[in-house]
Amino acid sequence: MKKDIIILAIESSCDETAAAVVKNGREVLSNVISSQIALHTLYGGVVPEIASRKHIEKINQVVEQALSEAQMTWEDITAIAVTYGPGLVGALLVGVSFAKALAFALKKPLIGVHHIEGHISANFIENKELEPPFMCLVVSGGHSHLVKVRDYGEYEILGRTRDDAAGEAFDKVARAIGLGYPGGPKIDKVSCEGNPDAIAFPRAKVADNEYDFSFSGLKSAVLNYLNSCEMKGEKVNQADVAASFQKAVVDVLVSHSMDALKKYDIDKFAIAGGVASNTHLRTAMTEACKKQQVAFYHPSPIFCTDNAAMIGVAAYYEYRKGVRHDWDLNAVPNLKLGER
Ligand code: KG4
Ligand code: ZN
C-alpha cells in the first residue's frame, strides 16, 4: 500500500493567519483561518504592520488547532508547506519563519508555495475529477490573471491587469460609495437590490493584449459619477452604483475568459481568488460556460478567499515533482507565477 502524503500548510500573506492539513493533495483534513478583518475595518483597509503583529500572536495557536482538528500528530506529517510570496513582506515572513523552524525541528521537508498557485489549486479540493490542462481566471485583492494551466505547477499567463486588481477595484469603489471595508462582499450583497443597467460604466479593452484587464478607468468613472451627482445636488442610489459597477467588472471578466477559451480551444474553465466568491460572477460564468459548452469549476467561497488548504494542495503536487526548499527560503513580496 502506498504511504499517504500529509502536508501541513501555512498561509500568512495578507490578513488571514491560516493553517491546514491536506491528505494526498485533494482531501482537506482541517482548515483553520483566523481572520483579521474586524481589526483592519477600523482603518478602512489592511495595515501591514498590524497584520504582521497579529500573525505572530496567532500562528502558534492556528497551527496547533489545524493539527489537532485533523487528528494528526507531528510524526504523521510528511512535509511542511508555506506561502512565500507574493504578499506583504512582514506578513509573509511570519509564516515563512514559523514553517522553517517547524520543518527544521521536525526534520521534515520544506516546500515554499506561490500564493496564486495556491488559489488555482483550490479548485482541486472539491472537483476531484479536475485535471490540467484547463484555463483559470484568478481574481483576488492583489491579482487578476487569466492563466492557462498546462500541467500541475505549469502556467502560461495569457492576461493580467495593467493597473488595479479586480478585488482592489471592488474595495475602492465600496469605500467611495460609503460601504466600507471589505468592499467585495458588501458590493455583492447590496447589488442584489440595485439595477445593474442603471448607469453605463465603461468596459475597458487593452489595445495590445485582448486578454489583459484594466479597472482603474472604471474606478475613475464611478468617482466622476459620484462627483457629478454631488455637484448637481442629486441623491446617489448606492445599490444602483454598486450593481452597475459590478456588472461592468463581471462583463469584462466573462468576455475575456470566453474569448480566450475559444481561441485556445480549451473546454475546462475554473475561477479562483477572493472575487471568485462573488455570486453574480459565478452566475454569469455558469451561464456563459453552458452556452459555450465548457465545463465550469469553482471552489466553495471558503476556499476562494485566503486559506491554507489551497497551499497544501499546491504543495502536494510540488512535493511529488521533487520540489524542496532550503533553510534560506525567504519571503518574496513580488514573486512571479512560475518562478522558484
Ligand atoms: O484572495 P483574497 O482573499 O486575497 C488576496 O489574495 O488578495 O481576495 C480578497 C479580495 C478582496 O479585494 C475582497 O474585496 C474580494 O476578494 N472579495 C470579493 C468577494 N469576497 C471577497 N469581491 C467580490 N465579491 C465577493 N463576494
Ligand atoms: Zn489570496
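The values are calculated or read from the model by the stated rules, or taken from the named source; none is laboratory data. The shown structure was predicted, so the numbers you read here are calculated from the model rather than taken from an experiment. Positions of Cβ are generated from backbone atoms using ideal geometry, with glycine treated the same way; all protein chains shown enter the neighbour counts. In case anyone asks, the SASA skips ligands and DNA or RNA and just uses the protein heavy atoms, side chains included. Shrake-Rupley method; radii C 1.70, N 1.55, O 1.52, S 1.80 Å.
Between a residue in the range 233-244 that is free of Cβ contacts under 8 Å to residues at least 40 places away in the same chain and any residue that is surrounded by fewer than 19 Cβ atoms within 10 Å (Cβ to Cβ), which pairs come within a Cβ distance under 8 Å, given they are 6 or more apart or on different chains? Note: pairs meeting the criteria are LYS235/CYS229. Taken as a whole, the condition of being crowded, with 19+ Cβ neighbours inside 10 Å, out of contact with any Phe, Trp or Tyr (no Cβ under 6 Å at 6 or more places or on another chain) and among the charged types (D, E, K, R) applies to ASP188.
Residues in the range 11-45 that are in a loop (DSSP other than H, G, I, E, B) and under 19 Å from the mean Cα position of the chain (by Cα): SER12, SER13, CYS14, ASP15, GLY25, ARG26, GLN36, GLY45. When the range 175-188 is filtered for residues that are under 19 Å from the mean Cα position of the chain (by Cα) and outside any loop (DSSP other than H, G, I, E, B), the ones remaining, listed by number, are GLY183, GLY184, PRO185, LYS186, ILE187, ASP188. Between ALA174, ALA166, the distinction of being touching a Lys or Arg at 6+ places or on another chain (Cβ under 8 Å) and within 12 Å of ligand 1 (Cβ to nearest atom) belongs to ALA174 only.
Taking the range 268-286 only, how many residues are touching a His at 6+ places or on another chain (Cβ under 9 Å), more than 25 Å from SER35 (Cα to Cα) and among the polar types (S, T, N, Q)? Looking only at that region, the number is 1. If you filter the range 200-220 down to residues that are more than 19 Å from SER257 (Cα to Cα) and crowded, with 19+ Cβ neighbours inside 10 Å, you find that the one that is nearest to ligand 1 (Cβ to nearest atom) is LYS219.
Report the residue count in the range 275-311 for those that are in contact (Cβ under 8 Å) with a residue 12 or more places away in the chain and away from ligand 1 (no atom under 16 Å from the Cβ). Adding up the residues that qualify gives 8. Among the residues of the range 268-305, which ones are on the phi > 0 side of the Ramachandran plot and within 15 Å of ligand 2 (Cβ to nearest atom)? GLY273, the sole residue that qualifies. Criterion applied to ASP171, ASP212, ASP163 was being within 23 Å of the chain's Cα centre (by Cα), within 30 Å of GLU131 (Cα to Cα) and not hydrophobic (A, V, I, L, M, F, W, C), and the one residue passing it is ASP212. Of the set (1) away from ligand 1 (no atom under 14 Å from the Cβ); (2) without any contact (Cβ under 8 Å) to a residue 12 or more places away in the chain, all apply to ASP151 but (2).
Candidates ASN307, ASN334, ASN278: the one that is among the polar types (S, T, N, Q), closer than 26 Å to PRO182 by Cα and touching a helix residue (DSSP H, G or I) at 6+ places or on another chain (Cβ under 7 Å) is ASN278. Against the criterion of being within 16 Å of ligand 2 (Cβ to nearest atom), surrounded by fewer than 18 Cβ atoms within 10 Å (Cβ to Cβ), at pLDDT 95 or above and within 24 Å of the chain's Cα centre (by Cα), VAL89 qualifies.
Could you check, for the range 63-79, whether at least one of its residues is under 30 Å from TYR155 (Cα atoms), within 16 Å of ligand 2 (Cβ to nearest atom) and either assigned to a helix (DSSP H, G or I) or β-branched (Val, Ile, Thr) (or both)? Within the range 63-79, not a single residue is under 30 Å from TYR155 (Cα atoms), within 16 Å of ligand 2 (Cβ to nearest atom) and either assigned to a helix (DSSP H, G or I) or β-branched (Val, Ile, Thr) (or both). Among the residues of the range 100-131, those that are outside any helix (DSSP H, G or I) and under 19 Å from the mean Cα position of the chain (by Cα) comprise GLY112, VAL113, HIS114, ALA122, ASN127, LEU130. Just one of the listed residues (LEU158, LEU253, LEU226) is under 20 Å from the mean Cα position of the chain (by Cα) and open to solvent by 10 Å² or more (accessible area, probe 1.4 Å), and it is LEU158.
Could you say whether any residue in the range 141-149 is at pLDDT 95 or above, under 30 Å from VAL22 (Cα atoms), within 16 Å of ligand 2 (Cβ to nearest atom) and open to solvent by 40 Å² or more (accessible area, probe 1.4 Å)? No, there is no match, as no residue in the range 141-149 is at pLDDT 95 or above, under 30 Å from VAL22 (Cα atoms), within 16 Å of ligand 2 (Cβ to nearest atom) and open to solvent by 40 Å² or more (accessible area, probe 1.4 Å).
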